[in-house]
Every structure is written in structure tokens, then in C-alpha cells.
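Written below as C-alpha cells is the structure these notes are about.
The values are calculated or read from the model by the stated rules, or taken from the named source; none is laboratory data. Since we're looking at a predicted model, the values are computed, not measured. So basically every Cβ, Gly included, is an ideal-geometry build from the backbone, and we count neighbours across all protein chains shown. The accessibility values were calculated without ligands, DNA or RNA, using every heavy atom of the protein model including side chains. Shrake-Rupley method; radii C 1.70, N 1.55, O 1.52, S 1.80 Å.
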Amino acid sequence: MSAGLLPATSVELSRLLTAVRRGRVLTVTGPFREPRSLLVREIGERLASNFYDGVAVVCMDHPFGIRDLTAALGRAPGVPFLPHGTADAASRLAERDMLLVLDGSDHLASETLDWLRRLLAVAPGLRILAAGRHPLAFAQERVHRL
């Protein structure tokens, strides 16, 4: 994708790439879904080689519980099968060095957000890049508003 089509300048894009590499959680917010989606997918593509286990993209257009998220992650290329039990899925993800892109994060249920917070605490190699109308409200989250 051409940087000219992205809803961010090259300087902003550079800052966002650095923020994902150095931080744990970055959420791109704004009123329109398409620009948010374009930006997080481009960031994910550009950073794929920075993570040993690559990038897993999960698109959400309906309410997502923990089982929905682990099932979607289990279908992502490069991610091993994840059992439906949240503890088992978390233990497998805890070993990964990967970027998790959550496109449509407004659809995450509150218990799923809590599960992701706990997962970040035990998965030092995991980074989250989210796109939604609102921030995830994670303690270590950085927010970029479009």
C-alpha cells in the first residue's frame, strides 16, 4: 500500500511503527473504521519481520468473547491451534513473540479485555495493535487519534 493513501503522514507512520516496537499496546482511534483499519494493517505488514512469530490479524464486526478471539487467533496463519480453555490458550500465546492486530476492537467484550490484560502480564513477547472508536483502557496503552 502506498503511504500516500494512508490516513497518516510519513512522520506519523514512523512514530507509530516505533511506538509498536517499543510499547506493549497501541490503539488507533477515530470515528471512521476504514482509515483505522488501513493504518493498523499497514503497520502490521511493515512490522511482520520484527516478530519471530509474525503478525496475527483479527477482524471483528460483531461482539467478541474470549472463545471467539481464541478461535479467530487459532485460524490466523502461523498461530498454533489454541484450545478453547482460556488458561490453555493463554499459556500457548505467552510463549509467542508476535504482534496481535485487533481490527474493530470496540467489539471486544469486557471479559475479553480483562483476559487480554492478564495475557499481556504473562506474555512478554506479545504486542497489541488495536483499531477502534475508543481506546482499550489498558494501563500501558498509547493512543493515536486520527
Can you list residue pairs whose Cβ atoms sit under 9 Å apart, with the first residue in the stretch 92-105 being closer than 20 Å to Gly65 by Cα and the second being hydroxyl-bearing (Ser, Thr, Tyr)? Count only pairs 6 or more apart in sequence or on different chains.
Leu93/Thr70; Leu102/Thr27; Asp103/Ser37; Gly104/Ser37; Ser105/Thr27
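Filter the stretch 89-107 for residues that are assigned to a helix (DSSP H, G or I) and surrounded by 16 or more Cβ atoms within 10 Å (Cβ to Cβ); which is modelled with the lowest pLDDT? Break it down into steps so the answer makes sense when it comes.
First, the residues of the stretch 89-107 that are assigned to a helix (DSSP H, G or I): 89-93, 105-107.
From the residues that got through so far, the ones that are surrounded by 16 or more Cβ atoms within 10 Å (Cβ to Cβ) too are 89-90, 92-93, 105-107.
Working: Ala89: 71, Ala90: 74, Arg92: 76, Leu93: 80, Ser105: 97, Asp106: 95, His107: 96.
So the residue we want is Ala89.
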Yes or no: the stretch 31-52 includes at least one residue that is part of a loop (DSSP other than H, G, I, E, B), of a type in the set (D, E, K, R) and touching a residue at least 24 places away in the same chain (Cβ under 8 Å).
no
Can you tell me which residues in the stretch 50-82 are of a type in the set (Phe, Trp, Tyr) and surrounded by 14 or more Cβ atoms within 10 Å (Cβ to Cβ)?
Phe51, Phe64
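Restricting the search to the stretch 16-30, which residues are of a type outside the set (A, V, I, L, M), surrounded by fewer than 20 Cβ atoms within 10 Å (Cβ to Cβ) and touching a residue at least 12 places away in the same chain (Cβ under 8 Å)? Walk me through how you get there before you give the answer.
Applying the first criterion (of a type outside the set (A, V, I, L, M)) to the stretch 16-30 yields 18, 21-24, 27, 29-30.
With the extra rule that they be surrounded by fewer than 20 Cβ atoms within 10 Å (Cβ to Cβ), the set shrinks to 18, 21-24, 29-30.
If the condition is that a residue be of a type outside the set (A, V, I, L, M), surrounded by fewer than 20 Cβ atoms within 10 Å (Cβ to Cβ) and touching a residue at least 12 places away in the same chain (Cβ under 8 Å), then Arg21, Gly23, Arg24, Thr29, Gly30 are the ones that fit.
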I'd like the full set of residues that are in contact with a strand residue (DSSP E or B) (Cβ under 7 Å, 6 or more places away or on another chain), farther than 16 Å from Phe64 by Cβ and open to solvent by 20 Å² or more (accessible area, probe 1.4 Å), limited to the stretch 108-146.
Arg127, Pro135, Gln140, Glu141, Arg142, Val143, His144, Arg145, Leu146
